[in-house]
1. For the list (1) in contact with a strand residue (DSSP E or B) (Cβ under 7 Å, 6 or more places away or on another chain); (2) free of Cβ contacts under 8 Å to residues at least 60 places away in the same chain, I need the number of the one condition that Leu283 fails.
2. From the list Leu214, Leu185, Leu165, Leu169, exactly one residue is at pLDDT 85 or above, touching a helix residue (DSSP H, G or I) at 6+ places or on another chain (Cβ under 8 Å), open to solvent by less than 60 Å² (accessible area, probe 1.4 Å) and not charged (D, E, K, R). Which is it?
3. Answer with yes or no whether Gln42 is at pLDDT below 75 and touching a Pro at 6+ places or on another chain (Cβ under 7 Å).
4. Tally the residues that are over 20 Å from Ala87 (Cβ atoms) and either touching an Asp or Glu at 6+ places or on another chain (Cβ under 6 Å) or among the polar types (S, T, N, Q) (or both), restricting the search to the stretch 101-141.
5. With the requirement that a residue be open to solvent by less than 20 Å² (accessible area, probe 1.4 Å) and out of contact with any Lys or Arg (no Cβ under 6 Å at 6 or more places or on another chain), what does the stretch 11-29 give you?
6. So if I check each of Asp282, Asp230, which one is over 23 Å from the mean Cα position of the chain (by Cα) and in a strand (DSSP E or B)?
7. Residues in the stretch 277-286: is at least one surrounded by 15 or more Cβ atoms within 10 Å (Cβ to Cβ), within 17 Å of Ala202 (Cβ to Cβ) and modelled with pLDDT under 90?
8. State whether one or more residues within the stretch 253-265 are basic (Lys, Arg), part of a helix (DSSP H, G or I) and surrounded by fewer than 15 Cβ atoms within 10 Å (Cβ to Cβ).
Amino acid sequence: MTATPEFRAGFVCIVGRPNAGKSTLTNALVGQKVAITSGRPQTTRHTVRGIVHRPDGQLILVDTPGLHRPRTLLGERLNELVIGTLAEVDAIAFCMPADQEVGPGDRFIARQLAEARTPVIAIATKADKVAPERLAQHLLDISELGEWADIVPVSATKDYQLDVLIKVLLGHLPESPPLYPDGELTDEPDAVMVAELVREAALEGVRDELPHSLAVVVEEIVERDSPHRDGRRMLDVRVELYVERDSQKAIVIGAKGARLRDVGTKARQGIEALLGAAVYLDLHVRVAKDWQRDPKYLHRLGF
């Protein structure tokens with residue numbers, strides 16, 4: 001990619017309350033899954049960088065955990081992660097889903113963003129899920145919530161106005177040569193992406209209590225000396241899943257281990273695509289009592 005005087009590049013932080021559609025939007029803009037998505041709130045635990053390449057610019061999207069009123073030490077750490085990220089980006093994209101009223105969570109975030117010197121673009125996500133009159137009211141409510149550089153309604157699943165959003169975001173970035181090589185979609189380490197794929201598979205279809213209590217750590221990724229029978233590289237991937245209670249361990253494992261095997265099958269497909277190799281995935285579930293409130297466990301689990 002050749003830089004021109006008009007070429008713009010920079011970092012955009014995507015914020016919003018939990019389950020506002022941030023990860024889905026990130027994946028849609030990048031054109032490939034770089035952030036895990038789930039119907040459960042607070043599934044994002046790391047700031048994932050997705051990279052959008054355009055002839056006139058490059059957007060580096062930082063998908064953060066949802067800003068919220070913290071109730072645990074983990075919640076406090078995640079909020080600190082978001083606030084720290086806001087100070088290091090060129091623009092902020094604030095997601096507010098059109099199928100939900102603007103509420104206390106949005107007002108809490110708006111107050112945090114009012115102190116930012118960075119331009120904030122308000123985004124009405126999930127615009128396809130409501131009637132035009134409801135969307136118009138939602139946009140009006142957003143406009144009354146704060147001083148925004150722009151307001152853009154989008155639908156990540158229906159590809160509605162994504163190109164408009166990209167142009168708007170690029171307009172707030174500095175002139176710059178590309179910051180990443182053409183074709184690179186994320187700078188997240190493989191181990192982090194593998195852990196996120198396992199978490200996503202483990203969260204699918206489980207009870208409400210589990211998302212907050214599940215942490216995943218990749219212990220090792222080791223290449224075998226001999227290739228897979230189809231000629232691909234063969235990798236042994238060992239992963240630990242941590243929950244807070246024995247009852248949660250039983251949920252993850254399922255009857256006679258059936259659910260954990262299903263998690264392994266689903267996660268392995270994504271991991272093999274990510275790593276470009278055949279994978280033997282070794283999953284273990286461990287109980288770390290109240291790890292969300294234990295500084296030692298939080299450090300060990302990467303928070």
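1. (2) is the only condition that Leu283 fails.
2. Result: Leu165 is the single residue among Leu214, Leu185, Leu165, Leu169 that is at pLDDT 85 or above, touching a helix residue (DSSP H, G or I) at 6+ places or on another chain (Cβ under 8 Å), open to solvent by less than 60 Å² (accessible area, probe 1.4 Å) and not charged (D, E, K, R).
3. yes
4. The first filter runs over the stretch 101-141 and keeps only residues over 20 Å from Ala87 (Cβ atoms), leaving 101-107, 123-141.
Narrowing the set further to residues that are either touching an Asp or Glu at 6+ places or on another chain (Cβ under 6 Å) or among the polar types (S, T, N, Q) (or both) leaves 102, 125-126, 129-130, 137.
So the count comes out to 6.
5. Listed by number, the residues that qualify are Val12, Cys13, Val15, Ala20, Lys22, Ser23, Leu25, Thr26, Leu29.
6. None of the other options fit; the residue is Asp282.
7. So far as the stretch 277-286 goes, no, none of its residues is surrounded by 15 or more Cβ atoms within 10 Å (Cβ to Cβ), within 17 Å of Ala202 (Cβ to Cβ) and modelled with pLDDT under 90.
8. yes
The values are calculated or read from the model by the stated rules, or taken from the named source; none is laboratory data. Because the structure is a prediction, the values reported are computed rather than measured. For neighbour counting, all protein chains shown are included, and Cβ atoms are generated from backbone atoms with ideal geometry for every residue, glycine included. Only protein heavy atoms, including side chains, enter the accessible area calculation; ligands, DNA and RNA are left aside. Shrake-Rupley method; radii C 1.70, N 1.55, O 1.52, S 1.80 Å.
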